[in-house]
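The values are calculated or read from the model by the stated rules, or taken from the named source; none is laboratory data. If you're wondering where the values come from, they're calculated on a predicted model, not measured in any experiment. Cβ: placed from backbone, ideal geometry, glycine included. Neighbour counts: every protein chain shown. Surface accessibility is based on the protein's heavy atoms, side chains included, excluding ligands, DNA and RNA. Shrake-Rupley method; radii C 1.70, N 1.55, O 1.52, S 1.80 Å.
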Amino acid sequence: MIGLLSTTFGVSVASALLPLISVELFAIGLVLNGTDLPWWLLALVIAAGQIAGKLLHFYAARGAIRLPRLFRCKDGEREQKGRWREWLEKFRSNCQQRPVWTGAVLLISAAVSLPPFAAIAVIAGWAKVPLTMFVVTGFIGRFVRFGALAIAPGVVIGWL
């Protein structure tokens, strides 16, 4: 059981960092394979792994983690103004002025991935969203998402 939980945690961290890895498919495979893990424990481990991985994006956007040169902005790119930069500045301002709105965006993104939680993790780091808000809302949203995913196959089988 410890090995399965460790593997699940590792896959969830990897999927948080690399979008080509799907922790959703992994979780569905576990549930359909008849694992003895309770749904809530599976959701808890996956949510923890997802937040651990997304924290790297969050801290990189804050500038606390030095990225390889390939991923860094060139000196002239930071001063450029455009619609994307204006939208980011407006988002940063909204985050600082409306913490309830910020929490709602984080929670919804973490639960349903609209907008994608990976993008929101980066933007939240850049916008200087408080770490506790990011972790708590992200963890709750991810727990709800993967809890529903872990329960879904049993519900569908029960209906049939």
Pick from segment 108-139, criterion hydrophobic (A, V, I, L, M, F, W, C) and either open to solvent by 70 Å² or more (accessible area, probe 1.4 Å) or in contact with an Asp or Glu (Cβ under 6 Å, 6 or more places away or on another chain) (or both), ranking: nearest to Ile51 (Cα to Cα): Val136
Tabulated pairs, segment 108-120, first in a helix (DSSP H, G or I), second aliphatic (A, V, I, L, M), C-beta under 6 angstrom, 6+ apart or interchain: Ser109/Ile120; Ala111/Val144; Phe117/Ala110
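A quick yes/no check of all residues on (1) modelled with pLDDT under 95; (2) within 18 Å of Val144 (Cα to Cα); (3) part of a helix (DSSP H, G or I):
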site: Leu4; (1), (2), (3): yes, no, yes
site: Thr8; (1), (2), (3): yes, yes, yes
site: Ala14; (1), (2), (3): no, no, yes
site: Asp36; (1), (2), (3): yes, no, no
site: Val45; (1), (2), (3): no, yes, yes
site: Leu56; (1), (2), (3): yes, no, yes
site: Ile65; (1), (2), (3): yes, no, no
site: Cys73; (1), (2), (3): yes, no, no
Residues of segment 8-22 that turn out to be free of Cβ contacts under 8 Å to residues at least 12 places away in the same chain and over 17 Å from Phe58 (Cβ atoms), as a count: 3
Candidate set from segment 23-35 (those that are among the small types (Gly, Ala, Ser) and without any contact (Cβ under 8 Å) to a residue 24 or more places away in the chain); member that is farthest from Phe117 (Cα to Cα): Gly34
Residue that is most open to solvent (accessible area, probe 1.4 Å) [pool: residues in segment 140-160 that are more than 17 Å from the chain's Cα centre (by Cα) and β-branched (Val, Ile, Thr)]: Ile157
Residue satisfying all of: in segment 129-154; among the small types (Gly, Ala, Ser) and touching a helix residue (DSSP H, G or I) at 6+ places or on another chain (Cβ under 6 Å); modelled with the lowest pLDDT among these: Ala150
Subset of segment 19-34 that is under 19 Å from Ile120 (Cβ atoms) and part of a helix (DSSP H, G or I) - its residue that is most open to solvent (accessible area, probe 1.4 Å): Glu24
Test result for Lys90, in a loop (DSSP other than H, G, I, E, B), modelled with pLDDT of 80 or more, open to solvent by 90 Å² or more (accessible area, probe 1.4 Å) and among the basic types (Lys, Arg): no
